[in-house]
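Have a look at the structure below before the remarks.
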Amino acid sequence: MKKGAQPIKKRRGILGALALIAIAVGLYRGLAIAPPDAYQGQVQRIMYLHLPSILTAYLSYFLVFIGSGMYLWKREKRDDILAHSAAELGVLFTALTIIEGSIWGRPTWGVWWTWDARLTLTAILLLIYIGYLMLRSLIEDENRAASAAAVLGIIGFLDIPLIHMSVYWWRTLHQPPSILQPNKAPWENVHPSMLIALTISFVGFLLLYFYLLSLRYRFGEMRCEIKARRLARGG
Amino acid sequence: MRRLPSTWRTDFCSDIRLLDSAFVRFWATAGLILALLLPLVLFPLMIPVILGTIRCMENILRMGELGEALPWLRLLLGFDVIFLTLGVLLFDHVIES
């Protein structure tokens, strides 16, 4: 075992514990303390999970973009591992968002799924990054897989605003953003305790995300090490 | 029902096995699966182009005003600019390997 492995492991454990605490506090504040929504009632409380998960997914795709760009530029294995890890987590959080959204949509709109702009956008994002993972797993040669995936990671991320616009002009049904509105400050639109719950929840999701990312990154490193050792032994 | 002669059974099984391994080899070596996958991977990325051309076409068919299709034309132009630039920038990095 490497010398620096122990403290990193410990730090990762602390990160995980913090994430657990923050999510628990966020859930408590969101489910018990914050008032129910004036129009939607209790159902709205799923927002405390829904919003953090989609924001985390976007952060993840941004990291895929960064990792891919760095890999193509410097050709270092760790950037590729970062991009791969972030892509997997991005798919996970996007899928979570869609599931949560369906659970919310059923009582609110009366349907599990509709081809509304934002839903479609999220589904397309999921498809892009599932394609990314498929591409990676199908190319045998590791370096080729990494560069092909890096191209897709860059293109996919830069395509998001375009897909966003096109899908929005196509059709829209989803409620407009209720917290960030151009003519009002955030705390004028929603009850402050809702905002607090949402913030704590978001911080919790971020901590959880980085915990999972560091685990997944370590996993990628280990896979590389095993491959290197196998090569060194000549088989 | 009478049992099939055992030679038939083995023949049948070996045929299946042969077919199976042929398929596996075919898929794995021909790179065909990658060729099939490419449109699947690219489809979600092409959505702005698909939607934009559909709307522009619709506008042409009902002989609408040019102004109505302008946002879509701009979107298509933006797509072209971004992907042309990316293509030029990324090409060298990808081909060298």
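Values quoted throughout were computed directly from the atomic coordinates according to the rules given, and no laboratory measurement underlies them. Computed from a prediction, not measured in an experiment: that's the story for all the values here. Note: ideal-geometry Cβ built from the backbone for every residue, glycine included; neighbour counts use all protein chains shown.
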Distance (nanometres) between label positions extended 7 Å along Cα→Cβ at residue A:228 and residue A:77: 0.5
Per residue, the convex hull volume that the Cα atoms of region A:15-71 enclose (Å³): 81
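With Kirkwood's inverse mean 1/r over C-alpha pairs for Rh, give me the Rg to Rh ratio of region B:40-95, two decimals please.
Working: Rg = 14.3 Å, Rh = 12.7 Å.
With Rg and the Kirkwood Rh in hand, the quotient comes to 1.12.
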24 Å Cα-Cα threshold exceeded, pairs from A:10/A:74; A:9/A:227; A:9/A:77: A:10/A:74
Exercise: per-residue mean of other protein chain Cβ atoms within 10 Å, B:83-95: 3
Dipole magnitude of chain A about its Cα centre (Cβ charges: Lys, Arg +1; Asp, Glu -1), debye to nearest 20: 1120
